[in-house]
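Bear in mind that the values in this text are calculations on the coordinates, not laboratory data. Here the structure is a predicted model, which means the values were calculated and not measured. Positions of Cβ are backbone-derived with ideal geometry, glycine not excepted, and every protein chain shown enters the neighbour counts.
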Amino acid sequence: MLHLFVMKPHKTYTVNEAQKALEHYCAYQERCHIEVQTKLNNMNMIPQAQEIIILHLLKENFLSEERFAKAYARGKFVIKHYGRIRIEMGLKQKQISSYLIKKGLEEIDADLYLKTISDLIEKKVASISELNPYKKKKKIIDYMLRKGYEYPLIDEAVRKYIKF
């Protein structure tokens, strides 16, 4: 049996239509240049039009890499409980500069960061049925490393919950 797929023609946008769509896209939540570029590529906008739209978004303050880095760091820490390492990797994937990554990570309160590490470890200790303290410690450390926390901070916090 032969299946024919009918492709819908792509919607075409004028520069003004695309600009309005991207204004809404950026106003909805903070975006970085890569996300905007990808959106414009998906809209089949030519490079010259993309440049005009991105310049407009920057000029009108719809697009700000610094604001994005700060919001990303705050959000990933507060909502997902990610550590600095994982947040930094996520920002690097979005091609954010080292300077802005540093500014974004400054949004994380140091005391709250340490409290979050303790809270996550406490929850993880309660959920692990392993009796061997060494295996239990390894499971907790692996979990915290996946979350993106720094080993020295994890090790110090784990010592409070697991006695050898």
| Past the 30 Å Cα-Cα mark, which pairs from K59/K102; K39/K139; K70/K163; K103/K139; K70/K136; K20/K102? | K39/K139; K70/K163; K103/K139; K70/K136; K20/K102
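When averaged across all projection directions, what area in nm² does the alpha-carbon convex hull of the stretch 15-59 cover?
2.7 nm²
Relative contact order of the chain, please, whole-number percent, based on alpha carbon pairs below 8 angstrom and at least 6 residues apart.
Values: 137 pairs, mean separation 33.5, N = 164.
Relative contact order here is 20 percent.
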| task | Find which of G148, N132, I117 sits farthest along the positive direction of the dipole of the stretch 110-161, computed with +1 on the beta-carbon of Lys and Arg, -1 on that of Asp and Glu, about the Cα centre. | result | N132
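With Rg and the Kirkwood Rh both taken from Cα atoms, where does Rg over Rh land for the stretch 65-105?
0.91
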| request: Provide Rg and Dmax in Å for the chain, with only Cα atoms included in the calculation. | output: 22.1, 67
| said: Suppose we keep just the alpha-carbon trace of the stretch 110-161; what are its Rg and Dmax in angstrom? | reply: 10.2, 32
| Segment I34-H81, length gained on full extension (0.36 nm per residue, minus Cα span) | 14.5 nm
